[in-house]
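Notes follow once the structure below has been shown.
The values are calculated or read from the model by the stated rules, or taken from the named source; none is laboratory data. Since this is a predicted model, take the numbers as computed values, not measurements. When we count neighbours, we look across all protein chains shown, and the Cβ atoms used for this are built from the backbone with ideal geometry, even at glycine.
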Amino acid sequence: MANIANLRENYTKLTLDEADISADPIALFEKWFDEALADNINEPNAFTLATTDNSGQPNARVVLLKGIEDGEFLFYTNYQSTKGQELISNSRAAMVFLWHEHERQIRIQGEVCLVNEERSTDYFHSRPRGSQIGAHVSHQSTVISSREIIENKLIEITAMFQNEEIIPKPQEWGGFAIKPVNIEFWQGRPSRLHDRIRYRLADGQWIIERLSP
């Protein structure tokens, strides 16, 4: 830890220029995402999700993007979890994608709504069977006294559904959609003079602005 202040990289790989971007930030997000996939970046759909509780205390954790539909970013969770309850009580959130290999970051602020029950059910049944069972096992974010509780619950739930072809989706499990109002694309550049392009939604139109690094 003595050398932590000396850890640094000089970013030199890529650039971000207004002449090379789309008027639609979702199109640029998909372009960057496809480039991350093509270069086999591990879990490029992983992002940091930031929420706040009723007192204004920020909270953040890494979750997985599971789709983009109608310009909205989709992910799934237990609605009774900490993040689920915070998103339900405060329908604003922030997302951050970081791809070290490309020296890129995307920051998104948006408004949150629930994914409808039919769409959530369809996605739930597309998951591996073990993940479906896991959604029944865990009362996410609640305090437990030991790992053994979860392991015993897994045995119980697995036995319960062993003869069931279709595992029902738990009522408290489903999707959230984040509709962006700000999307910033960050490209690392030398000497910390990074490229930052922000798309800001105003009156239904995307305004494109370059930000000082």
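Out of everything in region 167-188 that is within 25 Å of the chain's Cα centre (by Cα) and in a loop (DSSP other than H, G, I, E, B), what residue ends up being surrounded by the fewest Cβ atoms within 10 Å (Cβ to Cβ)? Across region 167-188, the extreme among qualifying residues is Q171.
On the stretch given as region 142-170, residues that are in contact (Cβ under 8 Å) with a residue 40 or more places away in the chain and more than 27 Å from Q85 (Cα to Cα) total 1. Please verify whether D24 is surrounded by 10 or more Cβ atoms within 10 Å (Cβ to Cβ) and within 20 Å of L74 (Cα to Cα), treating the condition exactly as stated. So D24 fits the description; yes.
Screening E164 against (1) outside any loop (DSSP other than H, G, I, E, B); (2) over 25 Å from P44 (Cβ atoms) leaves a single unmet condition, (1). Could you tell me whether region 27-41 includes any residue that is part of a helix (DSSP H, G or I), under 22 Å from P190 (Cβ atoms), of a type in the set (D, E, K, R) and touching a residue at least 24 places away in the same chain (Cβ under 8 Å)? Looking for residues that are part of a helix (DSSP H, G or I), under 22 Å from P190 (Cβ atoms), of a type in the set (D, E, K, R) and touching a residue at least 24 places away in the same chain (Cβ under 8 Å), one finds at least one in region 27-41, hence yes. Checking every residue in region 70-85 against the condition of being aliphatic (A, V, I, L, M) and either farther than 23 Å from H125 by Cα or surrounded by fewer than 18 Cβ atoms within 10 Å (Cβ to Cβ) (or both) gives zero matches. Within the option set S212, S145, S120, being in a loop (DSSP other than H, G, I, E, B), polar (S, T, N, Q) and in contact with a strand residue (DSSP E or B) (Cβ under 8 Å, 6 or more places away or on another chain) holds for one residue only, S212. Only residues that are buried (at least 16 other Cβ atoms within 10 Å of the Cβ) and touching a Ser or Thr at 6+ places or on another chain (Cβ under 8 Å) were counted in region 60-69, giving 1.
Cβ contacts < 6 Å: first residue in a strand (DSSP E or B), restricted to region 53-74; second residue among the polar types (S, T, N, Q) and surrounded by 13 or more Cβ atoms within 10 Å (Cβ to Cβ), any location; separation 6+ or different chain. Result? As it stands, the answer is P58/T52; N59/T51; A60/T48; V62/T48; L64/N45, since those pairs meet every condition given.
Against the definition (modelled with pLDDT of 95 or more and at positive phi), how does D203 come out, yes or no? Yes, satisfied.
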